[in-house]
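Working notes, structure below.
The values are calculated or read from the model by the stated rules, or taken from the named source; none is laboratory data. Not measured: the values here are computed from a predicted model. Neighbour counts run over all protein chains shown; Cβ positions are idealised from the backbone, glycine included.
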Amino acid sequence: MILTKPKSISAGPSDGTGEGVAHSKRWYVALVRMHHEKKVAERLDKIGIENFVPVQQEIHQWSDRRKMVESVLLPMMVFVHVNPKERKEVLSFSTVSRYMVMRGESSPAVIPDEQMARFRFMLDYSEEAICMNSSPLARGEKVRVVKGPLTGLVGELVNVDGKSKIAVRLNMLGCACVNMPIGYVEAICEKN
């Protein structure tokens, strides 16, 4: 038995012309109360809104013990993948204050799908801690990782404090950087 997807896709509510109005989902950054990132994500999951809270495992050292803890990489921020209706629904939560906006604009800033995919891949597969660098980094050479757990990741090879790192730029948030030996990457030729 062969299963096939239907050829027609429901595009959303009608605008009265007989044509559906497409409301594509986009990634936004919702700003939330301090230490409420995971709680907001749980509530969004319950109502079926796709979200992402970047977390990573860290070892915390106390005087008597060491413990592996899950820490939020971007405090007070939750990424949401929503259409315009859901975007307003997210703002109805008391713990969500607003969406991040570009300087000088009033509409919420959109994070491109490609940047989000690379950022999530980096978080999922990196064996080393990822650091967020909000200060502007000089543009690096565009490279693809060919060895190690991040094989296939496309980013920029940058030099930070004398160490080579691969950086994935996120609009308005800076760069997510992770240590990367130069032998693990190959340059990507830009086609003009």
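Things to note:
- Here ARG103 passes the criteria (1) at pLDDT 90 or above; (2) assigned by the TED database to the domain that holds VAL32; (3) basic (Lys, Arg) except the one numbered (1).
- Test result for TYR99, hydroxyl-bearing (Ser, Thr, Tyr) and surrounded by fewer than 17 Cβ atoms within 10 Å (Cβ to Cβ): no
- For segment 37-45, the count of residues that are surrounded by 12 or more Cβ atoms within 10 Å (Cβ to Cβ), at pLDDT 95 or above and small (Gly, Ala, Ser) is at least one.
- Scanning segment 126-171 for residues that are over 27 Å from ILE59 (Cα atoms), out of contact with any Lys or Arg (no Cβ under 8 Å at 6 or more places or on another chain) and exposed (fewer than 13 other Cβ atoms within 10 Å of the Cβ) turns up PRO136, ALA138, ARG139, GLU141.
- Selection from segment 56-90 of residues that are without any contact (Cβ under 8 Å) to a residue 24 or more places away in the chain and either under 18 Å from TRP27 (Cβ atoms) or in contact with a helix residue (DSSP H, G or I) (Cβ under 6 Å, 6 or more places away or on another chain) (or both): LYS88
- Segment 55-84: number of residues that are part of a strand (DSSP E or B) and either over 20 Å from the mean Cα position of the chain (by Cα) or of a type in the set (Phe, Trp, Tyr) (or both): 8
- When ARG98 is tested against the conditions (1) modelled with pLDDT under 95; (2) out of contact with any helix residue (DSSP H, G or I) (no Cβ under 6 Å at 6 or more places or on another chain), the lone failure is (1).
- For segment 97-108, the criterion of being within 19 Å of the chain's Cα centre (by Cα) and either over 20 Å from LEU173 (Cα atoms) or acidic (Asp, Glu) (or both) is met by none of the residues.
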